[in-house]
Amino acid sequence: MGVPLTAVTDQIAREQRVRQYYQRVDAHDLTGLLDLFASDAVYHRPGYAPLVGRESLKRFYGEERAIREGSHSVSAAVLDGDRAAVHGEFHGVLKDGRAVSLRFADFFVFNDQGFFQRRDTFFFAPMV
């Protein structure tokens with residue numbers, strides 16, 4: 001027996017939402033970006049306390065984020081039910097003018113309405 005059509009449709013919509021996330025970040029579309037997240041979403045990012053709720057996300061993306069500009073390229077997106085794992089590269093410029101190129105891994109959890117409920121980011125950079 002095959003996978004129900006609604007499950008396939010949900011997976012396609014979730015993958016589109018994940019890809020829209022990176023497009024909107026790169027385009028500095030703060031309103032569109034925030035529309036992808038649940039109102040009580042939690043974002044975990046190295047070097048920051050957990051960002052909880054859209055207001056925290058708005059402050060982070062609008063003011064606190066160390067990146068001035070750049071672009072993401074997704075090399076893999078794997079979806080399993082209400083979860084997505086993404087691997088990719090980012091190339092850009094920090095607010096202090098330094099160029100940055102790095103690989104990243106993101107993990108998303110969707111709520112029942114298809115919004116991001118949780119996001120965890122990891123960077124491939126020397127730490128220890």
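The values are calculated or read from the model by the stated rules, or taken from the named source; none is laboratory data. Note that the coordinates shown come from a computational prediction; the quantities given were computed from them, not determined experimentally. We place every Cβ from the backbone using ideal geometry, glycine too, and count neighbours over all the protein chains shown.
Yes or no: Ala38 among the hydrophobic types (A, V, I, L, M, F, W, C) and either loosely packed, with under 13 Cβ neighbours inside 10 Å or at pLDDT below 95 (or both)? In short, no. Scanning segment 68-125 for residues that are of a type in the set (Gly, Ala, Ser), free of Cβ contacts under 8 Å to residues at least 40 places away in the same chain and surrounded by 14 or more Cβ atoms within 10 Å (Cβ to Cβ) returns Ala85, Gly92, Ala105. Can you tell me which of Val8, Val109 is β-branched (Val, Ile, Thr), farther than 18 Å from Phe123 by Cα and in a strand (DSSP E or B)? Answer to the selection: Val109. Quick one: would you say Glu55 is among the charged types (D, E, K, R), at pLDDT below 95 and loosely packed, with under 15 Cβ neighbours inside 10 Å? No, not satisfied. If I go through segment 25-55 residue by residue, how many of them are within 14 Å of the chain's Cα centre (by Cα) and of a type in the set (Phe, Trp, Tyr)? Total satisfying the criteria: 2.
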